[in-house]
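What follows draws every value from the coordinates through simple rules; no lab data is involved. Just so we're clear, the structure is a prediction, and the values are computed from it rather than from any experiment. FYI the Cβ positions are ideal-geometry reconstructions off the backbone, even for glycines, and counts take in every protein chain you see.
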Amino acid sequence: MKNQNKIIEMFSAIAPTYDKANRVMSMGLDIQWRKDAVAAVLANFINRDVSVADIACGTGDMMGLWYERAKGYNANLTRLVGVDPSSGMLKVAKEKYPKFEFIQAHAADTKLEEKSVDVVSISYGIRNVVERVKALEEFNKILKTGGYLVVLEFTKPSKNGLVAKARDFYISKILPKIGEKISKNKEAYEYLPNSIEQFLDVETFKRELLNAGFSVEIAKSYTFEVSTLFLAKKVRDL
Ligand SMILES: C[S@@+](CC[C@H](N)C(=O)[O-])C[C@H]1O[C@@H](n2cnc3c(N)ncnc32)[C@H](O)[C@@H]1O
């Protein structure tokens, strides 16, 4: 499925059960992956102002964490904005966080001003963005020089051993069944393993980040290389 509108419609359809499916499918591990990503960024903003744009914000889980965790670093959150093109996902996010700011827009055209934010985050979103390179260029554009891009994504394993086989079995056979049971949407949870399969490996995505004007400070894979955290610093304008 490479049709961007279809992908977005699919997310709108599963939005009401999205959080529940996430927790069950990752066995709660996604919460720790998210917390680590937020911590890796906030360590650079101790006693400083920080503005954050969470792209492909979905139901707002990362935004909740940015809001909660900034205080622990004495970071002054001057702006927190969520961007997502899916009306269904944004509806759930707004119900969870009525006071937060949201923009309905695509990653490749966020409607945010040039050099206006210190941090761009995108968790489990970039894989769904058809215009990925354009989106990375947009992230460069909206970030201040020296700002951070933090990406969480399911990546392909580097080795083909037993662990990779077990991981592939879980992702391609077990996950779709759990997702379908919770959401009653077979297509969406068949799309999940396919989109992971079609996404890049860690080294290839790192190269895309370099080409988009970033230097990669962290690329750390978690839990049998299921999820990878990329922390990249904007080092040049494009
Ligand atoms: C797997 S969900 C991730 C949601 C959230 N970031 C999280 O961590 O739970 C993927 C999100 O990407 C959004 N999305 C799909 N295509 C997009 C695009 N072109 N630009 C921005 N977001 C997009 C979907 O609407 C959906 O909310």
| remark: Percent of all alpha-carbon pairs of the range 1-116 at distances over 19 Å, whole number, is 51 percent
| said: Name the residue from Ala166, Asn74, Met63 whose Cα lies farthest towards the positive end of the charge dipole of the chain, charges +1 on Cβ of Lys and Arg and -1 on Cβ of Asp and Glu. | reply: Ala166
| What area, in nm² and to one decimal, does the C-alpha convex hull of the range 68-134 cast on average over all directions? | 5.4 nm²
| remark: So the angle from the long Cα axis of helix 4-25 to the longest Cα principal axis of the chain, reported in degrees to the nearest 10, equals 80 degrees
| remark: Proxy exposure order for Trp33, Trp66 (fewest C-beta within 10 Å first) is Trp33, Trp66
| Sorted from fewest to most neighbouring beta carbons within 10 Å, what does the list Val150, Val163 look like? | Val163, Val150
| request: Please give the peptides 90-102, 110-122 ranked by average Cβ packing (other Cβ atoms within 10 Å per residue), highest first, as a rough proxy for protection. | output: 110-122, 90-102
| task | Have a look at the chain and give its Rg and Dmax from the Cα atoms, expressed in angstrom. | result | 16.8, 47
| query | Using θ = phi - 60° and the Karplus form 6.51 cos²θ - 1.76 cosθ + 1.60, what ³J(HN,Hα) does each residue of the range 76-85 get, whole Hz, x for Gly and Pro? | reply | 8, 6, 7, 8, 9, 10, x, 10, 7, x
| So what's the back-of-envelope 222 nm ellipticity for the chain, counting only DSSP H runs of four-plus at -39500 (n - 2.57) apiece and dividing by all residues, rounded to 500? | -14000 deg cm²/dmol
| message | Quick check: the angle from helix 29-42's long axis to the longest principal axis of the chain, C-alpha only, nearest 10 degrees? | response | 20 degrees
| task | Answer rounded, prolate or oblate for the range 91-218, using the Cα gyration tensor with square roots of eigenvalues a ≥ b ≥ c: rounded when a/c is under 1.5, else prolate when a/b is larger than b/c, else oblate. | result | oblate
| said: Can you give me the angle between helix 87-96 and the longest principal axis of the chain, using Cα atoms only, in degrees from 0 to 90, rounded to the nearest 10? | reply: 70 degrees
